[in-house]
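For reference, the structure discussed in these notes is given below.
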Amino acid sequence: MADTSMYQGSLTALVTPMHTDGRIDFDVSAKLIERQIEAGTTALIPAGTTGESPTLSHEEHGRVVAHCVETANGRVRVMAGAGSNSTSEAVLMAKHAHSVGADSLLVVVPYYNKPSQEGLYRHFMTIADATPLPMFLYCIPGRSVVDISVATMARLGEHPNIVGTKDATANMARPIAVRRAVGKPFNQLSGDDNSVLSFLAAGGDGCIGVTSNVVPHLCADMHLAWQEGRIEDAIAIQDHLTPLHDAMFMESNPGPVKYALSRLGLCNATLRLPLVEPKEETRRAIDTALRSLELLD
């Protein structure tokens with residue numbers, strides 16, 4: 001039985017809704033957060049990749065995290081995005097998240113500057129030392145190029161504040177290797193919607209998803225079915241969701257998910273450059289997937 005103090009089930013990497021002029025729409029954000037909580041989402045992740053963190057100013061990043069904490073108001077936990085390819089900048093983000101009441105931190109592998117394993121180790125240890133918050137190591141080599149080796153993960157796991165990982169590698173052998181290497185209970189969350197059940201079967205605890213922005217109830221139901229041992233039900237839901245999962249990643253996230261939310265009347269599809277609206281082919285695939293879930297006429 002998984003440790004109930006760990007994060008489990010369906011967690012959502014929140015979009016950052018924007019007005020058509022690019023300003024953050026906090027009123028719509030509050031409505032989206034309420035929708036997530038009502039649907040059974042177990043934790044919220046603001047100001048991550050899906051939240052367009054690379055194009056948020058430092059002030060906006062802080063406001064997005066604080067607004068999520070305030071709106072959630074303790075009903076679900078908030079894991080604040082606090083990643084940067086500058087260690088000092090990530091430390092400031094982590095300290096701010098702690099100051100506004102976030103429950104934990106999600107810190108991505110530094111992108112673009114390609115640190116060594118020793119550089120990664122010192123980066124994450126410095127951030128972990130900066131606050132008492134539990135910290136999750138976010139591995140997504142498709143965006144960061146470099147990745148944390150299992151050996152480095154084991155070294156980092158010795159820090160009491162480093163408690164888990166978000167794994168977007170889609171490598172189903174990895175959760176097993178990490179579990180064997182890290183000498184303590186380690187909270188492993190998938191970052192790949194399409195392979196969630198395989199990840200859980202390999203010993204994972206939940207998923208920080210993108211698709212759950214669109215269908216939070218179905219994603220939560222799938223995890224509940226798995227936890228209750230209703231494996232066939234969980235597989236049936238995953239199969240039902242697969243066309244939407246596929247469509248969400250035909251182009252760079254969060255373009256497709258914001259378009260899907262706009263089709264449901266939940267927020268604008270507005271993105272900040274250099275991200276642009278999805279191509280017509282992608283929009284058609286998203287519409288088809290939404291119709292297959294009976295969300296569009």
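The values are calculated or read from the model by the stated rules, or taken from the named source; none is laboratory data. Please read these numbers as outputs of a predicted model, since none were measured by experiment. Glycine also receives a Cβ, built like all others from the backbone with ideal geometry; neighbour counts cover every protein chain displayed. Only protein heavy atoms, including side chains, enter the accessible area calculation; ligands, DNA and RNA are left aside. Shrake-Rupley method; radii C 1.70, N 1.55, O 1.52, S 1.80 Å.
Numbers below:
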| read-out | value |
| --- | --- |
| Residues satisfying the stated conditions in segment 192-243, i.e. open to solvent by less than 70 Å² (accessible area, probe 1.4 Å), out of contact with any Ser or Thr (no Cβ under 8 Å at 6 or more places or on another chain) and part of a loop (DSSP other than H, G, I, E, B) | ALA202, GLY203, ASP205, VAL214, VAL215, GLY229 |
| Any chance ALA47 is among the hydrophobic types (A, V, I, L, M, F, W, C), part of a loop (DSSP other than H, G, I, E, B) and at pLDDT 95 or above | yes |
| Counted residues, segment 136-191 - those being β-branched (Val, Ile, Thr), open to solvent by 60 Å² or more (accessible area, probe 1.4 Å) and not in a loop (DSSP other than H, G, I, E, B) | 1 |
| GLY9 at positive phi and touching a strand residue (DSSP E or B) at 6+ places or on another chain (Cβ under 8 Å) | yes |
| Residue identified as surrounded by 17 or more Cβ atoms within 10 Å (Cβ to Cβ) and under 24 Å from LEU92 (Cα atoms) among GLY51, GLY9, GLY40 | GLY51 |
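Every residue, every condition in (1) open to solvent by less than 30 Å² (accessible area, probe 1.4 Å); (2) among the hydroxyl-bearing types (Ser, Thr, Tyr), yes or no:
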{"position": "ALA72", "(1), (2)": "yes, no"}
{"position": "SER86", "(1), (2)": "no, yes"}
{"position": "VAL108", "(1), (2)": "yes, no"}
{"position": "SER116", "(1), (2)": "no, yes"}
{"position": "PRO134", "(1), (2)": "no, no"}
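This table checks each residue for (1) touching a Phe, Trp or Tyr at 6+ places or on another chain (Cβ under 7 Å); (2) modelled with pLDDT of 95 or more.
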| residue | (1), (2) |
| --- | --- |
| PRO134 | no, yes |
| LEU137 | yes, yes |
| PRO141 | no, no |
| ASP147 | no, yes |
| ALA154 | no, yes |
| ASN161 | no, yes |
